[in-house]
Amino acid sequence: MLSEQTTAVDSPPLIPINYKPMRMRIESITVETSDVKTFRLGFCDEEEGASFDYKPGQFGLYSVFGAGEATFCIASSPTRKGYIECSVKRAGKVTADLHQSNVGDIIGFRGPYGNWFPIDDMKGKNLLFIGGGIGLAPLRSLFWNVLDWRDQFADVSILYGARSVADLVYKTELEEWKQMDGVNTVWTVDPGGETPEWDGKVGFVPTVLQEMNPSAENTVVITCGPPIMIKFTVATLNQLGIPLENVITTLENRMKCGVGKCGRCSVGSQYVCKDGPVFRCSELAQLPQEY
Amino acid sequence: MAEHKIYQASQDWLKRAVEALTAAGLEVQAPVEDETGGVALKQVESADAIATDYLNLLVPLKRIFFPGTEVILEFENDEDGGVTLNDPPELPDGGVVVFGSRPCDAAALDVLDRVFQWDYDDVPYRTRRDRTTVVSFACTKPDATCFCTSVGGSPQGTLGSDVVAFAATDGGALLQVCSEKGEKLIEQLGDIVTPAPADAALPEAPDVPTLFHTDRVKAWLDENFESDFWRGATLNCVGCAACSYLCPTCHCFDIVDEAAWNKGERRRNWDCCSFGLFTLHASGHNPRPDQAARYRQRVMHKFKYFPERFDAVACVGCGRCVRTCGMGQSLSRTVAAIEANAEVGETTSA
């Protein structure tokens, strides 16, 4: 909803809907966890690839032809050109077929759709990323974008938690970020999810956040994770004095069309696919709790 | 168009119109009684089978523009992991004339236009809209389930129609032209129609009682997303979606692949917010976890969210949902109860 609401009255010219996806070749597959894989996709059509642009936080509809389409964010940063990445948890028909795909296989992508993280408004601010589980995927797009423009932001911190060590995604990058200068990293797993070798925190994300005690001064929080984590994280941020306007999240409602027609992602009078997926928590507070 | 021009036609006008338009290469759709006794739009080449005595079409006019299922993509998987994609076959570009929709169904096109034509142009819908002329038949015998007057309509409403036809006392018809497409149709009809005399009067509208007022309903909805009313008022809904499929304004759809062996097609099919699967997340979380939440969405969408977003109530009062529900779940009674709640400041009873 971060951009101005558009209505039927003031919206010309219209963009013709094209349900025909771009053909994408699977360039590499990274096994993240027992049920999450990250796919790097290259454009079969060079011209499509050259003209493709997006902003961090946008999403698309990924196709396995014969199984159908499913919605995922673009998990890579727009500062890295020539490919996109998506991280997919095996949960249903399309995701199961994707998980069985091989490098070289052709899948479909249409997008980018939706709004994006207001990265320009974040310049000069302290950024605190808070991710849970596979919810790190949309944050990763923005996080790499921020790292690639590192000098334009003040402090950059990231708190990431998963149920167990085995459920942490992007393990190689977690290590890479930890070694980086100018990034404050905190990794945690839920109690009971640790291993003997685990050197991160043990505790739920909101608890660890409380211990971190980040300054509310000039701080923008970007968070994504399971609904229950978001709920308690937002409550903790509130206690820490960070206003809801400065807490930005991204919704993952079920979608089909991606362009404000099919009605599936509606929350109140908002379309998550058009007015979101990125919302300020102060905006979400005005909407029915249907996400 | 401020003033609607009126034409008159003799008793056999429909027969002659169907013949003339068919001869001119147009596709004519008209109400025909089917084996169940219901009336459905079918392509006709003569007026012989056209039904004239019916309350309304069984399936609303929307299906002419937004079919229950349509192909949006064709695909073929190769043996080496590649895939060939093709657009669906193009729609025929010839004109279509629909006779016999009711004013409520035509008014629903105004609702559908708003959602299919904002920000993104829904090309299949718009293509069908552009090539189709709608000739509605004004209602003479609405029944007790009709409530068009409660949602801003009328048994003689012109919104969404290109022409509205009225039965004249001499057995002929009076045709009220409501759009440029309607003007063009009148030209195509040639000597089948003639301008009506200046003193020609349209028949008086039959009475359709007003059951509620949408502004008062919305005022209550604005404050009562959380209310015990919803559970009590929605217990009869079993989530079968019949009301939605037969609703002239409901427009939610699903996108699915239908494939056999290595090739297939991607279709968009009517869907419904009454289904639990409609909003179910991959994680198992469901933002609308029970039938009360889903029926509330149906009411909220029609009477609060759609008006906020698109400046129109997404209900035209055709009464199909009331007539069709096997469980007796009545939208008009539910909404009238909401208005009654609003009047007594009540939030907890059905």
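Quick note: the coordinates plus some simple rules give every number you see, no bench work behind them. What you see is a predicted model, and the numbers here were worked out from it, not measured in a lab. Virtual Cβ from ideal backbone geometry, glycine too; neighbours counted across all protein chains shown.
Compactness of region A:8-113 is given as radius of gyration and Dmax, 14.2, 49 Å, from Cα positions.
A crude spin-label estimate for the pair B:V123 and A:N218, with each label 7 Å from Cα along the Cβ direction, gives 4.9 nm.
Comparing Cα centroids, region A:190-249 and region B:227-298 end up 34 angstrom apart.
Give me the net charge of A:V202's neighbourhood, meaning all other residues with Cβ under 10 Å from the Cβ of A:V202; Lys, Arg count +1, Asp, Glu -1.
Computed value for this residue: -1.
Counted by Cβ distance under 9 Å from B:Y120, the other residues give a net charge of -1, where Lys and Arg count +1 and Asp and Glu count -1.
Let me know the shape class of region A:73-229, please: from the alpha-carbon gyration tensor, a ≥ b ≥ c as square roots of the eigenvalues, rounded when a/c is under 1.5, otherwise prolate if a/b is greater than b/c, or oblate.
On the way: a/c = 1.86, a/b = 1.18, b/c = 1.58.
Note, shape of region A:73-229 comes out oblate.
Within a 10 angstrom radius of each residue's Cβ in B:71-80, how many Cβ atoms of other chains show up on average? Whole number is fine.
Working: counts 1, 5, 8, 2, 6, 2, 5, 1, 0, 3.
What the average comes to for B:71-80 is 3.
Pairwise inverse Cα distances across region B:151-216, averaged and inverted, put the Kirkwood hydrodynamic radius at 13.9 Å.
Hey, what's the per residue convex hull volume over the C-alpha atoms of region A:161-291, in cubic angstrom?
Values: hull volume 17.7 nm³, N = 131.
Dividing the Cα hull volume of region A:161-291 by its residues yields 135 Å³.
Per residue of chain A, the DSSP helices (runs of n ≥ 4 H) give a summed -39500 (n - 2.57) that works out to -6000 deg cm²/dmol at 222 nm.
Whole-Å semi-axes of the protein assembly as shown's equivalent ellipsoid, largest first, each the root of 5 times a Cα gyration tensor eigenvalue?
Equivalent ellipsoid of the protein assembly as shown: 52, 29, 20 Å, largest first.
Looking only at the protein assembly as shown, where both bridge partners belong to it, what percent of the DSSP beta bridges are antiparallel (to the nearest 5)? Provide the component values of the computation, followed by the final result.
Values: 73 of 109 bridges.
Rounded to the nearest five, the antiparallel share is 65 percent.
Taking amide hydrogens as placed 1.01 Å from N in the peptide plane, the amide H of B:F212 sits under 5 Å from that of no residue at least 5 positions away in sequence or on another chain. For chain A, A:C44, A:C73, A:C86, A:C224, A:C265, A:C273, A:C281 stand unpaired, since no other cysteine beta carbon lies under 4.7 Å from theirs. With 28 Å as the limit on Cα-Cα distance, the pairs of A:K37/A:K178; B:K263/B:K302; A:K81/A:K123; A:K261/B:K218; B:K62/B:K302 that go past it are B:K263/B:K302.
Between B:S101 and B:V135, B:F137, the built amide H atoms are under 5 Å apart, and every one of these is 5 or more places off in sequence or on another chain.
Here region B:245-350 is described by how far its Cα atoms reach on the three principal axes: 62, 33, 31 Å, from widest to narrowest.
Rounded to the nearest 5, what is the percent of antiparallel bridges among the DSSP beta bridges in region B:6-195?
Working: 25 of 36 bridges.
DSSP beta bridges in region B:6-195 are roughly 70 percent antiparallel.
For region B:1-80 versus region A:80-134, the inter-centroid distance based on Cα atoms is 45 Å. Subtracting the Cα-Cα distance of B:A198 and B:S46 from 0.36 nm times their residue separation leaves 51.5 nm of extension gain.
Seen from B:E90, the other residues with C-beta closer than 13 Å to its C-beta sum to a net charge of -2, counting Lys and Arg as +1 and Asp and Glu as -1. Using only C-alpha positions, report the orientation-averaged shadow area of the convex hull of chain B, nm², one decimal. Over every viewing direction, the Cα hull of chain B projects on average to 21.0 nm².
A simple spin-label model places pseudo-atoms 7 Å from Cα toward Cβ; at B:D222 and A:D155 they are separated by 4.3 nm. Of all beta bridges that DSSP places with both ends in chain A, some 60 percent have antiparallel geometry.
Other chains' Cβ within 10 Å of A:162-169 residues: what's the mean?
Working: counts 0, 0, 0, 0, 0, 0, 0, 0.
For this peptide, the per-residue mean of nearby foreign Cβ atoms is 0.
Using C-alpha pairs below 8 Å separated by at least 6 residues, the relative contact order for chain B is 21 percent.
What whole-number volume per residue, in cubic angstrom, does the convex hull of the C-alpha atoms of region B:275-337 give? Let's see the in-between values first.
Values: hull volume 6.6 nm³, N = 63.
Here the figure is 105 Å³ per residue.
Note on A:D45 and B:E187: the model spin-label points, each 7 Å out from Cα along the C-beta direction, lie 3.8 nm apart.
With viscosity set to 0.692 mPa s and temperature to 37 °C, compute the Stokes-Einstein D of chain A, Rh being the Kirkwood radius across alpha carbon pairs; µm²/s, no decimals. Working shown, then result.
Details: Rh = 19.6 Å.
The Stokes-Einstein estimate is 167 µm²/s.
Under the membrane-span-like helix rule (DSSP H runs whose alpha carbons stretch at least 15 Å along the helix axis, mean Kyte-Doolittle hydropathy 0.5 or higher), chain A yields A:136-148, A:227-239.
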